[in-house]
Every structure is written in structure tokens, then in C-alpha cells.
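Step one of this worksheet: look at the structure below.
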Amino acid sequence: ILVTEYLQDGKKYEEMGDLVAALGHYKRALTVDPLNQEAIESRKGVEEESRSSAEEHYQAGIKFYKAGKYGHARHEFLIALRLWPDHAGTVKMLTTRKRIQIKRYVMHTLQPGENLAKVAKIYYGDHHKFPLIAKYNNITDATRVYVGQKIKVPEIEGMPLLASKEGIRTEELEVVDVALREWEKYTLEEQEPAETPAVVEKEEALDQVASYRDDGVELFSIKKYQEAIDTFNKVLNVYPQDGVALEYSYKAYLQHGMSLFGKEDYLAARDQFKACLRFKNDSQECQVYLEKSENLYKEVHYRKGIQLFDKELLTEAIDEWKLVRLIDPNYKRVDYLITKAKTILKNIQELKDSQKE
């Protein structure tokens, strides 16, 4: 029976597109029954699809980095790493660093027609060095620079600034080393010239929403469901019908609820399943677990009240039954038991008072 459940859950997650979760369930099925042919075939199929998908995300990451879109590329690399943790190229891109010593910088104001690659050509004689400038200025997307923007051009140890001989003002200062990751060595292919501030501001606003969307997917993938929900809310505040945000919000509420359910935090789980239904009001899974959560919450506190009553801890028993009554006043004999316990407490108090007299 357990193997069947694992296989069913694996299929469910595979249909949802969550290959990592699906693979986990197939592996659990094989732990219970190592010779189960369906589990063996399913695991093999998902592993092949995961590797293929990881490679696609890796190549997408390379493409973004070559275009100077570092935030998007990092997101693609993280997805690839989750799908295939041993993907050598992805691991190298995210972990390998090269340290470069910097002693001072030049302030440069971007002119019409200039971009970071052209600035690198001016100062270093090599447009391939643009990632140094982007990294030093904390620019996550090298294509999002604008006319009039002030850029710090760092002087690299052993590579004097060419333009400094032409009277460009420099400022001496102590700075920390700059660590470039492997991907930052890539060449920017066709970088557009700097845009006007108004155009950049509008595009940055759109990019911010896209960034929130990507961050939410990433948070969901590492099972930080509440943080993912909060992040997708930022997208939905701007675009209420955003398909990705709506779908992942549903998934995040469902998975967060399942996590809380597993920890026997039934009331909190119930609230997550209620929220889940706001995004898919026909979700049978959310509806079933909502009812399970509420019923288990009531039964747990009802039984706990009886145990306390049997131990003559009447006040504590009443508190437990009150929790049940808040959810369902008609649950079993809860109202009768509260009245009974209160009557006993009253009688005990009256007896104590009479003895004092």
C-alpha cells in the first residue's frame, strides 16, 4: 500500500512539473520495494528529464550572462542545480571565483551611445572587461544603464587605466578585493547603448516584478513556502492575473499546509488550505485536507480535554473544550462537558467556602 501511495504522489508531482519532488517519491517507493518495476522505470524517466531540463536552464543561464543579465542568469543556474545537483558546469559557474586587487577608481559619467562594454574599452582597451565595472558598481544587469549615470571604473593591479593619461579625474582610496565568479568572465555580446532615465525607470519597474516572480519560484523550489507566498503577493499587487504567480501561490499554500499538517499543527494547516482554495476553488486536495485538518484539530483537543478531566484538571479541560467549541459548537458532547466541568468546579468552590465558615 505504501509503495502505491508513493507512486501515486510521484505521478501527481510529475504532472505538476515538479520533477525533484516526483523523483523523491519514486526513490521512497524503491526504498520500500527495490524491485518494483514501475518505480524503477518512473525514476529512470524523471532522472533523464531532470538532466535534460537542467541542461536547458544551464544554457539559458549562459545566454543571460553573456547578455549581462546577471540576476536572470543566476536564477537559471539555481534551477539547473536543483534539477541536477552534480551538473559540473552549473556548479563551476556558481562557486568558482577569481580575486582581483583594486586600489583606486575613476568616476565616469555615461554619455549618449555609451554602455559598459564601451567604457571598458576606453579605460582598459578591452571591452571584454566590462564585468569588472558591473561587479564593482553592484550592477546586476549590465544592459540597464542610462545616460548621465555615474560609474566607478576600478583600476586593476598590473593594468593601468588608459584614459587616466587624458586628464580623467581619479580618487585614491582603499578598497576591498573584487571576487569575480566564473560566469562574469563571459563576453557581453551585443550590448545596447545607455538609455534615458525615464525609459530605464519604466523597464526597471517591469524587471522588478519579473525579479519578484523569479525569486518566488526559487523560494518555492527550496521549500520556503511562506517567503514564496509573500514574494508572489508583490507580483499580484501589480499584476493580479499573473499566471505564474497565481499558480505558484496555489502550490505554495498547498505545500505549506501539508508541511504544517505533517507537524500536527492542524489549525494553521487549515488556514493554509483555506487560502489555497482562493486560488483554485475546485481543488479537491485542498478541500479534503482542509476538512481533515479541522476534524483532527477538534478531535485532538476534545480527547485532551477528556484526559485532563479524568485527572481532575477541570480548568485545563474546559480550556481545551473551548478551543473545540470555537470551531464547532455542536461537536460531540463538548458543550455538555464544559457545563459539567463548570458545575463540578462550582460545587468544589462552594464546599471550600462552607468549610471556612
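The values are calculated or read from the model by the stated rules, or taken from the named source; none is laboratory data. Remember, predicted model here, so these are calculated numbers, not experimental data. Because the Cβ atoms are built from the backbone with ideal geometry, glycine has one as well, and the counts that use them run over all protein chains shown.
Could you list, ordered by first residue, the pairs with Cβ atoms under 6 Å in which the first is in the stretch 310-336 and in contact (Cβ under 8 Å) with a residue 12 or more places away in the chain and the second is in a loop (DSSP other than H, G, I, E, B), at least 6 apart or interchain?
These pairs meet every condition: VAL324/TYR331.
Could you give me the residue pairs with C-beta distances under 9 Å whose first residue belongs to the stretch 281-305 and is outside the structural domain of ARG325 (by TED's automatic domain parsing) and over 9 Å from LEU323 (Cβ atoms), whose second residue is of a type in the set (A, V, I, L, M) and outside any helix (DSSP H, G or I) wherever it lies, and which are 6+ apart or on separate chains?
none
Of all strands (runs of 3 or more DSSP E) completely enclosed by the stretch 129-232, which ones contain at least 1 residues that are surrounded by fewer than 17 Cβ atoms within 10 Å (Cβ to Cβ) and modelled with pLDDT under 50?
Details: elements: 150-156, 170-172, 178-181.
Here the list reads 170-172, 178-181.
May I ask you to list the residues in the stretch 114-143 that are of a type in the set (Phe, Trp, Tyr) and in contact with a Ser or Thr (Cβ under 9 Å, 6 or more places away or on another chain)?
Correct list: TYR123, PHE130.
Quick grid of which residues meet (1) modelled with pLDDT under 85; (2) in a helix (DSSP H, G or I); (3) within 30 Å of ALA120 (Cβ to Cβ); (4) of a type in the set (Val, Ile, Thr):
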position: LEU7; (1), (2), (3), (4): no, yes, no, no
position: ALA22; (1), (2), (3), (4): no, yes, no, no
position: SER42; (1), (2), (3), (4): no, yes, no, no
position: GLY45; (1), (2), (3), (4): no, yes, no, no
position: SER53; (1), (2), (3), (4): no, yes, no, no
position: GLY61; (1), (2), (3), (4): no, yes, yes, no
position: ARG74; (1), (2), (3), (4): yes, yes, yes, no
position: ARG82; (1), (2), (3), (4): yes, yes, no, no
position: LYS92; (1), (2), (3), (4): yes, yes, yes, no
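Only one residue in ARG43, ARG82 is farther than 30 Å from LEU132 by Cβ and in contact with a helix residue (DSSP H, G or I) (Cβ under 6 Å, 6 or more places away or on another chain), so which one is that? It would help to see each step written out before you state the result.
Numbers: ARG82 fails: farther than 30 Å from LEU132 by Cβ.
Every option except ARG43 fails the conditions.
Which residue pairs have Cβ atoms under 7 Å apart, sit 6 or more places apart or on different chains, and have a first residue in the stretch 238-265 that is in the same structural domain as ASP214 (by TED's automatic domain parsing) and over 13 Å from ARG213 (Cβ atoms) and a second that is part of a loop (DSSP other than H, G, I, E, B) and of a type in the set (D, E, K, R)?
TYR250/LYS280
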